[in-house]
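First comes the structure, then the notes that go with it.
The values are calculated or read from the model by the stated rules, or taken from the named source; none is laboratory data. Everything quoted here is computed from the prediction, not taken from an experiment. Every residue, glycine among them, receives a Cβ derived from its backbone with ideal geometry; neighbour counts consider all protein chains shown. Side chains are part of the model used for accessible areas, which takes the heavy atoms of the whole protein and leaves out ligands, DNA and RNA. Shrake-Rupley method; radii C 1.70, N 1.55, O 1.52, S 1.80 Å.
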Amino acid sequence: MLYYLFEYLEQQFQLPGASVFQYITFRAALAIIFSLLFSTIFGRKIIRYLQKQQVGETVRDLGLAGQVEKAGTPTMGGIIIIISTLLPVLLLSRLDNIYVIMLIVTTIWMGLIGFVDDYIKVFKKDKEGLSGKFKVLGQVGLGIFVGAVMYFHPGVTVKQEIVNPEFSNQVVSQNAPAEFSAEESRSLKTTIPFVKDNEFDYATLVSWLGDDYKKYAWLIFIPIVIFIITAVSNGANLTDGIDGLAAGSSAIIVFALAIFAFVSGNIFFSDYLNVMFIPRLGELVVFIAAFVGALIGFLWYNTYPAQVFMGDTGSLTIGGIIAVIAIAVRKELLIPVLCGIFFAESLSVIMQVSWFKYTRNKFGEGRRIFKMSPLHHHYQKSGYHESKIVTRFWIVGIFLAILSIVTLKLR
């Protein structure tokens, strides 16, 4: 809204300083400040409201240290993250941008799924919450929406052949003149990390369909998008088990994605780094900045000992947003590295359950690989304090984020 207001003031009245709102970096800086302030200042009021409504966490006794003391801690704190993200986005971003629209829909969509799940757990006293099949159905629905937008929407394009402009005193905006780049084209190309010629076109997976195979590429692309969104959102959900782990790890991941979005959305940086230029993607940096600020602000109350839990309202939303951003910036194949914490947590559960079922069928008694899954509970059972676990997971997350960013040049 403010973007359009200051654009109007600049055009009609030449208001001094109004043109600064044209710069993505300026609006991104404001977005992170607004979201950080809102989440820290109004977050306390939201927590008090949740306490007043007796929206407390029901803790199952798993024999973990400090677990019983957490009973009654307000949950559904993901509302803080969602509101703190959406308000700056609505104020500062261009709302006609397809990537921003897609992320807003993702935030509301996954937030509603998580909210219903938490509502059933808290108010219906059903520890299982929303049935798993309905969660998956919601994630599949979002995957279909995102996949369809990425494939069919005319605003989702790439420019692959960029001509180096003559740098001068001329100021070039994100919407650079035609002479600075090749024509836009719709494409399902993505980036393969650590590979020299690192572009891969999903359409080639259906090349066996004949000369018009590109028309049917959505048949393979949309299921892939569904899988990515489902996997990452569930991974974030599994990671949300101890104070500050999911929010802190997510902030690190999202910050790295902000760098990818800025580079891929800027014609000069993308040319210099020889990466795919994606027109209009730069606007996504404003959304990501607001999201980072919301996550960090939420950590103010979620670090040990937590005053509020994000619940599925937050964890499913976080995972969904991260997945969609990665798909939008064409870095979804980097997710196993960038989201390595989520991947490890999910893999530990898969390994534990699979091995338990296999040994039970083979030996008549189920055996375990870990003391408890997800992985962070294994370390708790091993005697590590949860603050130490969270800090070390953050350090690993930072390392993986740096490794992911290095893939811009390491091929």
Cross-link reach from K362 to lysines, straight Cα distance under 27 Å and at least 8 residues apart if same chain, gives K371, K381
Please list L91, L299 in order of solvent-accessible area, largest first, computed with a 1.4 Å probe with all protein chains present.
L91, L299
Give me the percent relative contact order of the chain, please, defined on Cα pairs under 8 angstrom at least 6 residues apart.
24 percent
Dipole of the chain (Lys/Arg Cβ +1, Asp/Glu Cβ -1, origin at the Cα centre): which of G320, F370, L295 lies farthest to the positive side?
F370
List the relative contact order of region 99-162 as a percent without decimals, with contacts defined as Cα pairs under 8 Å and 6+ residues apart.
27 percent
For the chain, with only Lys/Arg (+1) and Asp/Glu (-1) charged at the beta-carbon, what is the dipole magnitude about the Cα centre, in debye rounded to 20?
1580 debye
Within the chain, what's the longest run with no chymotrypsin sites (Phe, Trp or Tyr not before Pro) in a DSSP loop and at most 15 other beta-carbon atoms within 10 Å? Give the range, please.
195-383
Which of the trypsin sites (Lys or Arg not before Pro) found in region 102-136 are in a DSSP loop and have at most 16 neighbouring Cβ atoms, other than their own, within 10 Å?
K124, K125, K127
State in Å² the accessible area per residue of region 249-315; use a 1.4 Å probe, count heavy atoms of protein chains only, and round to the nearest integer.
26 Å²
Suppose every K and R has +1 on its Cβ and every D and E has -1 on its Cβ; what is the size of the dipole of region 312-407 about the Cα centre, in Debye to the nearest 20?
400 debye
Computed over region 1-141, protein heavy atoms only, probe 1.4 angstrom, the accessible area per residue in square angstrom equals 55 Å²
Among V353, V396, V158, which one moves the most in a GNM of the chain with springs linking Cα atoms closer than 10 Å?
V353
Where the accessible area of the chain is counted over protein heavy atoms with a 1.4 Å probe, how much of it, in %, is carbon and sulfur?
63 percent
How much area per residue is accessible in region 355-411 when the probe is 1.4 Å and only protein heavy atoms are counted (Å²)?
65 Å²
Heavy atoms only, probe 1.4 angstrom, no DNA, RNA or ligands counted: give me D211, D117, D126, D201 ranked by accessible area, highest first.
D211, D126, D201, D117
Exposed-site-free run, longest, the chain (rule: GluC sites (Glu not before Pro); DSSP loop; at most 10 other C-beta within 10 Å)
184-364
Which one of S93, A148, L137 is farthest out on the positive end of the charge dipole of region 67-164, using unit charges on Cβ (Lys, Arg +1; Asp, Glu -1) and the Cα centre as origin?
L137
For the chain, modelled as a Gaussian network with Cα springs under 10 Å, which listed residue fluctuates most, G364, G111, G143?
G364
With an 8 Å cut-off on Cα pairs and a minimum separation of 6 or more residues, tell me the relative contact order of region 192-259 in percent.
16 percent
Most mobile listed residue (V390, V105, V195) in the chain, GNM with C-alpha springs under 10 Å
V195
